[in-house]
Amino acid sequence: MSVEIAIRLEQAGVAYRQYQHPRDALLEWLLRKPRHTHFHALQDVSLDVRAGDSLGIVGDNGAGKSTLLKMLAGNLPPSTGLCEVRGRRSALLELGSGLQSEFSGEENARMGLALRGLAHGEIAQKLPQVLAFAELGEFIHQPVKNYSSGMVVRLVFSISAVIEPDVLIVDEALSVGDQYFQKKSLDRMREILSGGATLVFCSHNLYQVREMCRQAVWLERGRVRMLGDAQVVVDAYQDDVRGRNREEGKSAGASCPSPDKGRLGGVSLLSVTLNNNIFQTHAPFSVTLHASCGDRPLSDIHAGIVIRRNDNIQCYGISTLHDGVAMQPLGEGVIATKFTIDRLPLLSGEYCLEVWLIDSSGVHVYDSRERCCHFRVQQAGQQQGIGMVWLPHRWETVEVAEDALAA
Amino acid sequence: MARLTLLWQLLRRDVQERYAGTVLGVFWLLAQPLFMLLVYALVFGEVLQLRLGTQTDSASFAVWLFAGLSVFNALAEVLVRAPAILAERRDLLLNSPLPPALLPLLPVGASLVLELLSVGLLLLWLCVQGQCHWQSVFLYPPLLLLRVLLSLALAYGLAVLGVFLRDLRQMMPPLLSVLLLVSPIVYPQQAVPEKFHAWFAWNPLAQLVQAYRAVLLDGVFPWETFAVLLMLALLSLGLAVLLFQRLMPRARYVL
């Protein structure tokens, strides 16, 4: 293989043994009789990260993210499988762990550098940089126990990132820092990456994961649910989270007007057809509706369409009534219409349709289909933006007033 | 190299942490044995009138006492701290790539500082009194090495066992009181009836204390005792390190 592998995990797993009492662990060893129950924090994780690449980790709380990071940081040996990390690694893990609260920030920085494998001379050389990066001012001489959590993050990130590690491991703790420092640390991470180092990044801020990482892994209950391109994995995870929120929303009794079941006048939906079920952002999108008009006049039947994302957000809804368009008679009591968006502005996510047949007052509902025609939208990358929809926009040059220049 | 730096940082903090905020600071390391000396010298030398063989002044008894206490205090430091050292540094151990084998070195390091300070003080005092044996300076380091090896064996063994057997931490102070009293540290061996002398021959602590006195006070090197104790120290150190390595992965689960 021509490219160097920086991180290799082969069926790596971490199982914690739980004992009733600490002495049981000793008795077990002496008597060779198991006295523990297993707790699998991580199971069967296999992945390779090439040197210079970046890996994002997403997943719910308790999915094993922190355990994976700890293992990669070398704080925790895998209990099964193989975990290889090449080069000097530096980790920013859970908040404040590994700090000694009685000591000053400077003392802790010295210790942190020593723990990361720096010798005496290197520490003397790097310490001023760490202190400068942390920008803690006079607080650097205060005991760490007096720090706010944001200040702790500043200190630990500075220790982790100022040395030039081959593998930098950053936990979601980073998000505790203020906006200014977050930006500064993200910039620093990017700088380290472009210097050829490998980054492992775990965050609940999925946008940051997508931005920073090329690859991502989605952990669920200690196992890999998905591994691959960061954009794809993060989208899938986001869809899953939204889906679960929707389930909750449902049980909480989401209110939507129920159609007057009685099929007044025999008006009913016959079919709703989508031209595709996976779309790219900006691809053509169309929905074809067929309905039977029963004994109602054509002018009293209108179709409405709502696009809903799977977290129950209404993205857009419109009807033939509001647009002032009539449905098209196909003969034999069948009417139809085709709703088309030439360039679908939706961004990645899972969506579905709601289709309504309403009368010309807009109040009475003849028939409806809710949550039908599930479809998915994929976007080419972050360059199409983030959020729900692509909005038309442009960036303009700023007009500079003459007198402002003169002053 | 980086390991050495790390060890140095750990040691420095360890000592600093203990005396942080105290008035005497690091001088507590000296104050503690001096205080002990004062009390024992008063009680045993002045009140109980214990004397060494033919000598009759209480000053030489104090010096003799101090030599014994120096080595005992150093060992006590290790015995008391070792069973709790892994739990004390739990956070560092679980949340950083700290090699666990460095931790038992901390109490040994502290005991080294303690011993060097009190032995230095003792030699200084002897020189001032004109009772100094110049050979002591050369004969002492091998004995110190022996004591450190024994301490390492105890530290590694107790550190890892202390994780599983929490009672060990509580047991150490009373155990030390017993050790102090069953060894000829505060009383001379001659003060004990003949039939108990066989016990002293089998008591490594008694042997070690007597070796220290021979070197520091008489300038004589007890080769035989040294050889036997060195064998014992190396053997137990080997076993302790083995035990430490075998049990450490388990210790992580219950720390």
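Listed residues A:ARG369, A:ARG343, A:ARG376, A:ARG308; which is touching a His at 6+ places or on another chain (Cβ under 6 Å) and either part of a strand (DSSP E or B) or open to solvent by 60 Å² or more (accessible area, probe 1.4 Å) (or both)?
Numbers: A:ARG369 fails: touching a His at 6+ places or on another chain (Cβ under 6 Å); A:ARG376 fails: touching a His at 6+ places or on another chain (Cβ under 6 Å); A:ARG308 fails: touching a His at 6+ places or on another chain (Cβ under 6 Å).
Testing whether each residue is touching a His at 6+ places or on another chain (Cβ under 6 Å) and either part of a strand (DSSP E or B) or open to solvent by 60 Å² or more (accessible area, probe 1.4 Å) (or both) leaves just A:ARG343.
Every residue in the stretch A:179-200 that is under 19 Å from the mean Cα position of the chain (by Cα), closer than 25 Å to A:ARG8 by Cβ and in a helix (DSSP H, G or I), please.
If the condition is that a residue be under 19 Å from the mean Cα position of the chain (by Cα), closer than 25 Å to A:ARG8 by Cβ and in a helix (DSSP H, G or I), then A:MET189, A:ARG190 are the ones that fit.
Does the stretch B:5-21 hold any residues that are closer than 14 Å to A:LEU115 by Cβ, facing chain A (nearest Cβ under 8 Å) and open to solvent by 30 Å² or more (accessible area, probe 1.4 Å), and which are they?
The answer is B:TRP8, and nothing else.
Give A:ARG23, A:ARG17, A:ARG35 a once-over and let me know the one that is in contact with a helix residue (DSSP H, G or I) (Cβ under 6 Å, 6 or more places away or on another chain), in the same structural domain as A:GLU191 (by TED's automatic domain parsing), open to solvent by 50 Å² or more (accessible area, probe 1.4 Å) and part of a strand (DSSP E or B).
A:ARG17
Go through (1) open to solvent by 70 Å² or more (accessible area, probe 1.4 Å); (2) without any contact (Cβ under 8 Å) to a residue 12 or more places away in the chain; (3) within 14 Å of chain A (Cβ to nearest Cβ) for B:LEU24 and report which single condition fails.
All conditions pass for B:LEU24, except number (3).
Determine which single condition B:PHE244 fails, assuming it passes every other condition in (1) at pLDDT 90 or above; (2) loosely packed, with under 13 Cβ neighbours inside 10 Å; (3) of a type in the set (Phe, Trp, Tyr).
That leaves (2) as the condition not met.
Check B:ALA31, B:ALA74, B:ALA62 and return the single one that is part of a helix (DSSP H, G or I) and touching a residue at least 60 places away in the same chain (Cβ under 8 Å).
Working: B:ALA31 fails: touching a residue at least 60 places away in the same chain (Cβ under 8 Å); B:ALA62 fails: touching a residue at least 60 places away in the same chain (Cβ under 8 Å).
Matching residue, one of B:ALA31, B:ALA74, B:ALA62: B:ALA74.
Which of the residues belonging to the stretch A:62-107 are of a type in the set (Asp, Glu), within 22 Å of B:THR5 (Cα to Cα) and at the interface with chain B (Cβ under 8 Å from one of its Cβ atoms)?
A:GLU102, A:GLU107
Can you say whether A:SER175 is open to solvent by 40 Å² or more (accessible area, probe 1.4 Å), within 15 Å of A:LEU93 (Cα to Cα) and either in contact (Cβ under 8 Å) with a residue 24 or more places away in the chain or not in a helix (DSSP H, G or I) (or both), as far as the supplied structure shows? Before you say what the answer is, go through the steps one by one.
Numbers: open to solvent by 40 Å² or more (accessible area, probe 1.4 Å): yes; within 15 Å of A:LEU93 (Cα to Cα): yes; either in contact (Cβ under 8 Å) with a residue 24 or more places away in the chain or not in a helix (DSSP H, G or I) (or both): yes.
The answer is yes for A:SER175.
How many of the residues making up the stretch A:38-50 are open to solvent by less than 50 Å² (accessible area, probe 1.4 Å) and either away from chain B (no Cβ under 14 Å) or not in a strand (DSSP E or B) (or both)?
Step one: filter the stretch A:38-50 for residues open to solvent by less than 50 Å² (accessible area, probe 1.4 Å), giving A:41-42, A:45, A:47, A:49.
In the following step, the residues that additionally are either away from chain B (no Cβ under 14 Å) or not in a strand (DSSP E or B) (or both) were identified as A:42, A:45, A:47, A:49.
Final tally of qualifying residues: 4.
Among the residues of the stretch B:103-112, are any open to solvent by less than 30 Å² (accessible area, probe 1.4 Å), outside any helix (DSSP H, G or I) and among the aliphatic types (A, V, I, L, M)?
yes
The values are calculated or read from the model by the stated rules, or taken from the named source; none is laboratory data. Nothing here was measured: the structure is a model prediction, and the numbers come from that model. Counting neighbours? That spans all protein chains shown, and the Cβs are built from the backbone with ideal geometry, glycine included. Each accessible area value is taken on the protein alone, full model and side chains, heavy atoms only, with ligands, DNA and RNA left out. Shrake-Rupley method; radii C 1.70, N 1.55, O 1.52, S 1.80 Å.
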